[in-house]
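One structure is given below, encoded as structure tokens.
Read-outs throughout are calculated quantities, based only on the coordinates presented, and are distinct from any laboratory measurement. Values in this document were obtained by computation on a predicted structure and should not be read as measured data. Cβ placement follows ideal geometry from the backbone for every residue including glycine, while neighbour counts extend to all protein chains displayed.
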Amino acid sequence: MRKPITPNLHGLLDYATMAAVFLAPKLLPMPRRARRTARRLAAGYTAMSAFTEYPLSLAPTLPWRTHGQVDKVLGAVLPAVPFLLGFGRDRAARNFFLGLAAITVAVTLLTDWERTPEVASGNGAS
């Protein structure tokens, strides 16, 4: 059975999620360290998405399956981030990162990592 999230849909979800992660510190009361962590995560992950070999990439150089491996690690690490960085007692920040971890795990499990991304030739793919 094929998994329902295609590379194209995964890319859309990546960019939409990172926009939300970037905006969350403006909408939720979070300590400074949590705000900076969210913004840095959004910037780094958006950069990774921009280089991932999938349809919405700006410069597809990162293999699709490598992106999947990063997603798996991120899903495992995100729940610990609030506690490792000292804002685990802040309810809004902690729950935000735990929710983001749940979304990351769900999307990763539902993504078809075996499917070959169809990268448009007009965006730098060879």
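Angle between the Cα long axis of helix 7-27 and the longest principal axis of the chain, 0 to 90 degrees, nearest 10? For helix 7-27, the angle is close to 20 degrees. In the stretch 7-113, Cα pairs under 8 Å separated by at least six residues give a relative contact order of 28 percent. Close amide H partners of L62, meaning residues 5 or more places away or on another chain with modelled amide H under 5 Å apart, are T52, E53.
A protection proxy built from the mean count of other Cβ atoms within 10 Å ranks the segments 16-24, 4-12, most packed first, as 4-12, 16-24. With loop membership from DSSP and a limit of 10 other Cβ atoms within 10 Å, the longest segment of the chain without trypsin sites (Lys or Arg not before Pro) is 3-88. Note that the stretch 73-80 has calculated 3J(HN,Hα) couplings of 5, 4, x, 7, 8, 3, x, 8 Hz, one per residue in order, obtained from phi through the Karplus relation 6.51 cos²θ - 1.76 cosθ + 1.60 (θ = phi - 60°); glycine and proline are x. What is the angle, in °, between the Cα long axis of helix 91-110 and the longest principal axis of the Cα atoms in the chain? Nearest 10 is fine, range 0 to 90. The angle comes out near 20 degrees. Here the chain is described by how far its Cα atoms reach on the three principal axes: 47, 31, 21 Å, from widest to narrowest.
Helix-only mean residue ellipticity at 222 nm, the chain, DSSP H runs n ≥ 4 weighted -39,500 (n - 2.57), per residue, nearest 500. What is it? Walk me through the numbers before you get to the answer.
On the way: 5 runs with 79 residues, N = 126.
Per the formula, -20500 deg cm²/dmol.
Give me the dipole magnitude in Debye, nearest 20, for the chain about the Cα centre, with unit charges on the beta carbon: positive for Lys and Arg, negative for Asp and Glu. Walk me through the numbers before you get to the answer.
Details: 15 positive and 7 negative charges, 157 e Å.
Dipole of the chain, to the nearest 20 debye: 760 debye.
For the chain, the longest principal axis of the alpha carbon atoms and the long axis of helix 32-51 meet at an angle near 0°. Count Lys and Arg as plus one, Asp and Glu as minus one, and take only other residues whose Cβ is under 13 Å from that of N8; the net charge is then -3.
Values of log10 I(q)/I(0) for the stretch 76-118 across q = 0.25, 0.32, 0.34 Å⁻¹ run -0.79, -1.04, -1.10, by the Debye formula with one identical scatterer at each alpha carbon and no solvent. With the simple model of a label 7 Å out from the Cα in the direction of the Cβ, R89 to A16 spans 3.7 nm.
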